[in-house]
Amino acid sequence: MRFTIKYLIFIIMVFTPNITFGLIEVDITRGNLNPLPIAVSPLFVEEQSAKNFEKTLEIENIGSSISNVVENNLKSSGLFNPLKKEAFLQKPEIAHLKPRFEDWSLIKAQALITGEVKYENEKLRVEFRLWDVLAGKEMMALAFTTVPKNWRRVGHIITDKVYERLTGEKGYFDTRLIYVAEEGPKTKRIKKLAIMDQDGFNTKYLTLGNELVLTPRFNPANQMVTYLSYFKNLPRVYLLDIETGVQEVVGDFPGMTFAPRFSPDGKKIIMSFAKDGNSDIYTMDLESRIVEKITNHPSIDTSPSYSPDGKYICFNSDRSGYQQIYVMKSDGSQVKRISFGNGLYGTPVWSPRGDLIAFTKLHKGKFYIGVMRVDGSGERLLTENYYQEAPSWSPNGRVLIFYRETKSDSEGKGFSAKLWSIDLTGYNERMVNTETDASDPSWSSLLSD
Amino acid sequence: MIFNKILKNSLVVIFAGLLLSACATKKVSNQIQGDVYTGKDTIEYLASGVPDRVFFATNESVLTTASRETLRKQAAWLRKNSKINVVLEGHADERGTREYNLALGERRANAAKDYLMTYGISGNRISVISYGKERPVDSGSNPLAWSKNRRSVTVKAN
């Protein structure tokens, strides 16, 4: 008891009071300088449900497990500061009925999430509420049902709803990442396609590592992936159905095809085709199989990415002598260079909101991830490092994920490749957990939208 | 001796003139000149006196004087061994974005292919593959390692 009191005092001293009027709001445009203190009460599970979940999922406390997923998501966003559960005074079941707001404001929580999980007809039913502690009001109440093995997704969906209610923008937590899992020495690196939840759980490997694979990207519906494979030592763009595992080569090109992405309607693949030392951009319609040549220039044209309305394409070209970013209409007309800063620019990728293009920049031996407006103005560099590239946007256009490599010594020791994410504001840079080394991440859209 | 020195120096000047990026880079060791690897460490031989690879400056696919000499030797060897086909494997160093490097490796291998063809080797006997930065020969993160990795390697295909 004495310990608890001391602990409370400590909490109070650390979290300085922040008085707000009216309903709470989280400002996501200014970074995470002042994350919102939020209490995520473990979801209540009555005894019989608890027993059933323990039997089917082999999880001791499903309510705590789901709330941990929520808490971890909120924390990783950088916008929220989930409070330690040891300090909670009210029991989950009572808090869910009617929180005693004084108890929660005492530990400086501004928002509170409560809920209950039930086992009903072999399904998992969850009900949760979001409370404004200072105003003493319920902000949101929702319930949904799913199969028990989807319990982590339940946590992600709750986070998305809370994030949307408090920031006014869609969340990005019920999403997956596809990436390249890497192992072995640099000279004989083994690479596999891997897919995992946004928070690093439920990793599955889609290829065995027999051939080199690179740059996987989701289609808008998240069931297909396009990527580059060196199957039979012929580097070609492939299409993979994630559910069925069926793969096919995209098109019938007499040479290397690479740098694939889907069009925003998912009907076309856009990619580069290299022939006789010249790479140009092509599209192939997946239904009609019609191939169109989009650029026609004796330089390297690669890394194409559509605007979300499908009307424009940004891409990488060295037609000026060095790698720069260009924008053109989707038929290849009106090509315009947009990058004019010092250094080289690569891997342009159009934001899902349409207003920004993220890129990799190489300048004076350093690599940067940055963003610029689609006319090239307003360039902002978010992060600088020894080596990093290939940003991919979260579906709400608020976070970028990319990969970063470390320097190795002359024997190749010290080398690693990891996924990192950073907020569009340049704050909240963090490593994303992966089972192996990882590169070429691509973010899915929201799975339950 | 003095003549040799003059010759060496003038070669350096020629290199510097050939390569746009030469002015930006310093001589890192005596195995790199004008940003291009000139050592022998990684080289293998297709036949006695026929080196298997040529090297490039950063972001470049221009063949140096030494590269052209190597490729002329390869062409002579290919003419003598008319049943041998080759694959030219183009590579880039690790200091560039993956997709661009794939294109750059392809461009480098094709620069070597074009040169072999001007010396009478049929394009049918030569295929090209780019590995971008995926298959370095030296895993170090230093200018010497990078210079060894910017290469086009001629490999027997049969």
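Could you say whether any residue in region B:123-134 is within 16 Å of the chain's Cα centre (by Cα) and at the interface with chain A (Cβ under 7 Å from one of its Cβ atoms)?
Within region B:123-134 (the criterion being within 16 Å of the chain's Cα centre (by Cα) and at the interface with chain A (Cβ under 7 Å from one of its Cβ atoms)), the answer is yes, since at least one residue qualifies.
Within region A:291-311, can you find the residues that are out of contact with any Leu (no Cβ under 8 Å at 6 or more places or on another chain) and under 19 Å from A:GLY255 (Cβ atoms)?
A:VAL291, A:GLU292, A:LYS293, A:ILE294, A:THR295, A:ASN296, A:HIS297, A:PRO298, A:SER299, A:ASP301, A:SER303, A:PRO304 - these are the residues of region A:291-311 that are out of contact with any Leu (no Cβ under 8 Å at 6 or more places or on another chain) and under 19 Å from A:GLY255 (Cβ atoms).
If B:VAL62 satisfies all but one of (1) surrounded by 17 or more Cβ atoms within 10 Å (Cβ to Cβ); (2) part of a loop (DSSP other than H, G, I, E, B), what's the number of the condition it fails?
It fails just one condition, (1).
What tally of residues in region A:49-87 results from selecting those that are assigned to a loop (DSSP other than H, G, I, E, B) and basic (Lys, Arg)?
Number satisfying all stated conditions: 1.
Hey, can you tell me all the residues within region A:80-131 that are among the β-branched types (Val, Ile, Thr) and touching a residue at least 40 places away in the same chain (Cβ under 8 Å)? Steps first, please.
Step one: of region A:80-131, the residues among the β-branched types (Val, Ile, Thr) are A:94, A:107, A:113-114, A:117, A:126.
The answer is A:ILE107, A:ILE113, A:THR114, A:VAL117, A:VAL126.
Out of everything in region A:365-419 that is open to solvent by less than 10 Å² (accessible area, probe 1.4 Å), in contact with a Pro (Cβ under 7 Å, 6 or more places away or on another chain) and among the hydrophobic types (A, V, I, L, M, F, W, C), what residue ends up being farthest from A:PHE218 (Cα to Cα)?
A:ILE369
If a residue must be in a strand (DSSP E or B) and open to solvent by less than 10 Å² (accessible area, probe 1.4 Å), how many such residues does region A:88-129 contain? Lay out the reasoning, then the answer.
The initial filter retains those residues of region A:88-129 that are in a strand (DSSP E or B), namely A:111-120, A:123-129.
Going one step further and asking which of them are open to solvent by less than 10 Å² (accessible area, probe 1.4 Å), we end up with A:111-115, A:117, A:124, A:126, A:128.
Final tally of qualifying residues: 9.
Go through region A:408-423 and give me each residue that's more than 14 Å from every other protein chain (Cβ to nearest Cβ) and either closer than 21 Å to A:LEU193 by Cβ or at pLDDT below 95 (or both).
Answer for region A:408-423, where residues must be more than 14 Å from every other protein chain (Cβ to nearest Cβ) and either closer than 21 Å to A:LEU193 by Cβ or at pLDDT below 95 (or both): A:LYS418, A:LEU419, A:TRP420, A:SER421.
Inside region A:229-260, can you point out the residues that are surrounded by 14 or more Cβ atoms within 10 Å (Cβ to Cβ), more than 22 Å from A:PRO304 (Cα to Cα) and in contact with a strand residue (DSSP E or B) (Cβ under 7 Å, 6 or more places away or on another chain)?
Of everything in region A:229-260, those that are surrounded by 14 or more Cβ atoms within 10 Å (Cβ to Cβ), more than 22 Å from A:PRO304 (Cα to Cα) and in contact with a strand residue (DSSP E or B) (Cβ under 7 Å, 6 or more places away or on another chain) turn out to be A:ILE242, A:GLN247.
Does region A:142-160 contain any residue that is under 12 Å from A:VAL40 (Cα atoms), open to solvent by less than 30 Å² (accessible area, probe 1.4 Å), assigned to a strand (DSSP E or B) and among the aliphatic types (A, V, I, L, M)?
no
Being more than 10 Å from every other protein chain (Cβ to nearest Cβ), β-branched (Val, Ile, Thr) and assigned to a loop (DSSP other than H, G, I, E, B) is the filter here, so list the residues in region A:247-306 that pass it.
A:VAL250, A:ILE290, A:ILE294, A:THR295, listed by residue number.
Of all residues being within 18 Å of B:ILE43 (Cα to Cα) and not acidic (Asp, Glu) in region B:79-91, which is most open to solvent (accessible area, probe 1.4 Å)? Just the residue, please.
Restricting to residues being within 18 Å of B:ILE43 (Cα to Cα) and not acidic (Asp, Glu), the top hit is B:VAL87.
Among the residues of region A:203-223, what is the count of those that are farther than 12 Å from A:THR434 by Cβ, in contact (Cβ under 8 Å) with a residue 24 or more places away in the chain and in contact with a strand residue (DSSP E or B) (Cβ under 9 Å, 6 or more places away or on another chain)?
Residues that pass the stated criteria total 11.
Return the only residue of B:ARG125, B:ARG108 being modelled with pLDDT of 95 or more, charged (D, E, K, R) and surrounded by fewer than 21 Cβ atoms within 10 Å (Cβ to Cβ).
Within the list B:ARG125, B:ARG108, the selection yields B:ARG125.
So if I check each of B:LEU144, B:LEU116, which one is more than 10 Å from every other protein chain (Cβ to nearest Cβ) and either in contact with a strand residue (DSSP E or B) (Cβ under 8 Å, 6 or more places away or on another chain) or small (Gly, Ala, Ser) (or both)?
Of the residues listed, the single one that is more than 10 Å from every other protein chain (Cβ to nearest Cβ) and either in contact with a strand residue (DSSP E or B) (Cβ under 8 Å, 6 or more places away or on another chain) or small (Gly, Ala, Ser) (or both) is B:LEU116.
The values are calculated or read from the model by the stated rules, or taken from the named source; none is laboratory data. Please read these numbers as outputs of a predicted model, since none were measured by experiment. Glycine also receives a Cβ, built like all others from the backbone with ideal geometry; neighbour counts cover every protein chain displayed. Quick note on the areas: whole protein, heavy atoms, side chains included, nothing else; ligands and nucleic acids left out. Shrake-Rupley method; radii C 1.70, N 1.55, O 1.52, S 1.80 Å.
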